[in-house]
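To start, the structure itself, in structure tokens.
What follows is calculated from the coordinates using simple rules that are stated; it is not laboratory data. As the structure is a prediction and not an experimental result, all values here were calculated from the model. Every residue, glycine as well, gets a Cβ built from its backbone with ideal geometry; the counts of neighbours run over all protein chains shown.
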Amino acid sequence: MGALSTKHLLGIKQLNQADIELIFSTADNFKEVINRPIKKVPSLRDITIANLFFENSTRTKLSFELAEKRLSADVVNFSAAASSVSKGETLIDTVNNILAMKVDMVVMRHPNPGAPIFLSKHIKANIINAGDGAHEHPTQALLDAYSIREKLGDVKGKKVAIVGDILHSRVALSNIYCLQKLGAEVMVCGPPTLIPKHIQSLGVKVEFSLDKALEWSDICMMLRIQLERQGSDRSVKYFPSLREYHQLYGLTSERLKKVKRSPVIMHPGPINRGVEISSELADSENSIILNQVENGVAIRMAVLYLLASEHENEE
């Protein structure tokens, strides 16, 4: 088996195509493991992993914990979501705690972009970014691309429309990097107020009409409106109302019938049913949303395993 070109997973930007393919082939093996009656392997038996979540998370945290336990790692959980300590102090305290506890790997979610990069410069442990602000969420992008590959055979040449709150989404940015590295074409679609300025510089198409985006795409990735990242100043309105947003950018059966397309439907979750997507479509045959959840465990097992191998090589 090969090795990753990096000792951390800080973002998709730092990975090359060979790294991504290696993660996918490793995930293929682990997918077999998690579908066996005995779902555990002793691969990380001597590794201690700390899950540091400075922001609320249910799905990502559970997925990482399950992946770690399937690999027989020792797991330490820090939940600092309620902490209001400033970034510098919190992370320096965290660094000191990790050094004292002899932790080998850190899975970290933090509201500040760049926090995992900061941490990686101060400790020897391998760092996995589980989401930093509106910056990146690399394991989500990897599991999304892996799910497309599983469903359609390959990512190369596929047309992927990412629809919704692009401005506040770390999933969108990581997916743009990942899908492009694998040869897909990417379009972003949403209200002009939720599309970042100059996003075309990343090589993506921009479309403000969902109908046109659907006519173009093989895969439609719906994102939720990130109200929690839109700031406390509610006088700043990105769109008039959720009802109007749904009328213009909600994915429904009626809309798909009108454009006569049946793209593969994806969503990183959590889903706001009746806002960005109807329940009917979220649960339809075209939806691979539950496949994404299952693949998340296999991808995270692969990342943990490959980074642990890097850790052992250094010792």
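Find the Cα radius of gyration of the range 103-153, compare it with 2.2 N^0.38 Å by division, and give the number to two decimals.
Relative to the 2.2 N^0.38 Å estimate, the range 103-153 comes out at 1.35.
Mind checking the alpha-carbon convex hull of the range 245-305 and giving the volume per residue in Å³?
91 Å³
Calculate how steeply helix 138-152 sits against the longest principal axis of the alpha-carbon atoms of the chain, using the helix alpha-carbon long axis, and give the answer as 0 to 90 degrees to the nearest 10.
Here the helix axis deviates by roughly 60 degrees.
Quick check of the Kirkwood formula: for the chain, what is the inverse mean of 1/r over all pairs of different Cα atoms, in Å?
20.1 Å
Going 7 Å from the Cα of PHE208 in the Cα-to-Cβ direction, what parts of the range 157-184 have a backbone nitrogen less than 16 Å from that spot?
Under 16 Å, as judged by backbone N against the label point of PHE208, lie 164-167 of the range 157-184.
Under 28 Å Cα-Cα from LYS258, which lysines qualify once same-chain neighbours fewer than 8 residues away are excluded?
LYS151, LYS156, LYS158, LYS159, LYS205, LYS212
Just need the relative contact order of the chain here, percent rounded to a whole number, with Cα pairs under 8 Å and 6+ apart.
20 percent
Take the alpha carbon atoms of the range 125-155, find their center, do the same for the range 188-206, and report the distance between the two centers in whole angstrom.
After rounding, the separation between the Cα centres reads 20 Å.
Just tell me which lysines come within less than 19 Å, Cα to Cα, of LYS237; anything on the same chain fewer than 8 places away is out.
Filter leaves LYS197.
What angle, in degrees between 0 and 90 and rounded to the nearest 10, separates the Cα long axis of helix 170-181 from the longest principal axis of the Cα atoms of the chain?
Helix 170-181 sits at roughly 90 degrees to that axis.
Please give the contour-minus-distance gain from LEU152 to GLU215: 0.36 nm per residue of separation, less the Cα-Cα distance, rounded to one decimal in nm.
Roughly 20.9 nm would be gained on extension.
Could you calculate the contour length gain from ARG45 to ARG59, that is, 0.36 nm times the residue separation minus the distance between their Cα atoms, to one decimal place in nm?
So the extension gain works out to 2.6 nm.
Which value, in debye to the nearest 20, describes the size of the charge dipole of the chain about its Cα centre when Lys and Arg Cβ atoms bear +1, Asp and Glu Cβ atoms bear -1, and nothing else is charged?
That gives the chain a dipole magnitude of about 560 debye.
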